[in-house]
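The values are calculated or read from the model by the stated rules, or taken from the named source; none is laboratory data. These numbers were taken from a predicted model, which means no experiment stands behind them. Cβ coordinates were reconstructed from backbone atoms using ideal geometry, including for glycine residues, and neighbour counts include every protein chain displayed. We work out accessible area using only protein heavy atoms, side chains counted, and drop any ligands, DNA or RNA first. Shrake-Rupley method; radii C 1.70, N 1.55, O 1.52, S 1.80 Å.
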Amino acid sequence: MAMTDIRPPTPEELSAYADGELDPQRQAEVALYLSSNEVHDAQLSADAAILGGLRTMRSKISPDSTPQRLLDAAFPKEALSFIRKRAGILVGTVAALGVLAAMLVFVSRPDMNKHDEEMADRAVAENAEYFLGPDEPSIEFGVTNLESIKNTLPTLGNPALNARRMDGTGFIYLGGRTSSIDGAGAVVLFYRDKNGERYGLTIWPDPRVNAPTPVILRASETHYWSSNGHRFAITGDNSRDQLKLFEAAYRAQSSE
């Protein structure tokens, strides 16, 4: 069969190929395709995934069956020399690339998920910065309005709802607006401190536990944390320490 007759495998087929779940004919086609394509990485993280696979499998895979550009990045020259001296059996190109394809599927998925999460968190930061505006925040509902938040975030819980007022913290609650993140309801609550600096607190349901690194935009910065199945992101044109101070004050209010 000519290579031009083989349809490139989809990510789902790569996963099924790694698990041996394709029908025999398609399994053979994918193996042949991989053996003839050193660079099968339309996804941006493929090289990183293959490098991770090489590091994990370096004691089992012969460097002679692996593209040199990846070996140069994955191993120092001394390590390559040692592996070449010790390698007793060469792994065939098809088998090696089959292992690397499996590593691509299982190692790159977390990387892709992480990339997607970072892009989503950046969108949250940009959304809050937009509604904060250059002068005054774009307020949709007032300080006393609670129904808009409850209807948008029915699982938020009373401690977090009550904490929004930030009484006695030095942060003045101005009101908020409803929004949407990844198809789920979200709210952006606006605040001002005693120095007149403005803040936007975005809250939305998210099961992730680990908060990402801060997002720095041109005019502001966003700091994240997670609590009780929700993600919180505080955005403001102030220092990171000040944003962390806001988080500490909000957490203290919600624990009372």
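Please state which one of SER220, SER226, SER180 is open to solvent by less than 30 Å² (accessible area, probe 1.4 Å), within 24 Å of the chain's Cα centre (by Cα) and either free of Cβ contacts under 8 Å to residues at least 60 places away in the same chain or over 17 Å from MET119 (Cα atoms) (or both). Working first, answer last.
Details: SER220 fails: either free of Cβ contacts under 8 Å to residues at least 60 places away in the same chain or over 17 Å from MET119 (Cα atoms) (or both); SER180 fails: open to solvent by less than 30 Å² (accessible area, probe 1.4 Å).
Result of the check over SER220, SER226, SER180: SER226.
Determine which member of the set ARG192, ARG208 is assigned to a strand (DSSP E or B) and open to solvent by 30 Å² or more (accessible area, probe 1.4 Å).
On the way: ARG208 fails: assigned to a strand (DSSP E or B).
Of ARG192, ARG208, the one residue that is assigned to a strand (DSSP E or B) and open to solvent by 30 Å² or more (accessible area, probe 1.4 Å) is ARG192.
How about region 229-250: which of its residues are of a type in the set (Lys, Arg) and either crowded, with 16+ Cβ neighbours inside 10 Å or under 19 Å from the mean Cα position of the chain (by Cα) (or both)?
Residues of region 229-250 that are of a type in the set (Lys, Arg), as a first pass: 231, 240, 244.
ARG231, the sole residue that qualifies.
Going through region 162-189 one residue at a time, which ones are among the aliphatic types (A, V, I, L, M) and in a strand (DSSP E or B)?
Applying the first criterion (among the aliphatic types (A, V, I, L, M)) to region 162-189 yields 163, 166, 172, 174, 181, 184, 186-189.
Passing the criteria: ILE172, LEU174, ILE181, ALA184, ALA186, VAL187, VAL188, LEU189.
Could you list, in sequence order, the residues of region 123-157 that are part of a helix (DSSP H, G or I), open to solvent by less than 100 Å² (accessible area, probe 1.4 Å) and under 23 Å from PRO207 (Cα atoms)?
Kept after step one, since they are part of a helix (DSSP H, G or I), are these residues of region 123-157: 123-132, 147-152.
Those still in the list that are open to solvent by less than 100 Å² (accessible area, probe 1.4 Å) too: 123-129, 131-132, 148-150, 152.
Within region 123-157, ALA123, VAL124, ALA125, GLU126, ASN127, ALA128, SER148, ILE149, LYS150, THR152 qualify.
For region 143-185, give me each residue that is of a type in the set (Gly, Ala, Ser) and farther than 20 Å from GLN253 by Cα. Can you show your working first?
Going through region 143-185, the residues of a type in the set (Gly, Ala, Ser) turn out to be 148, 157, 160, 163, 168, 170, 175-176, 179-180, 183-185.
Residues satisfying the conditions are SER148, SER179, SER180, GLY183, ALA184, GLY185.
Within the group TYR191, TYR173, which residue is in contact (Cβ under 8 Å) with a residue 40 or more places away in the chain and in the same structural domain as GLY133 (by the TED database)? Break it down stepwise before answering.
Working: TYR173 fails: in contact (Cβ under 8 Å) with a residue 40 or more places away in the chain.
Among TYR191, TYR173, only TYR191 is in contact (Cβ under 8 Å) with a residue 40 or more places away in the chain and in the same structural domain as GLY133 (by the TED database).
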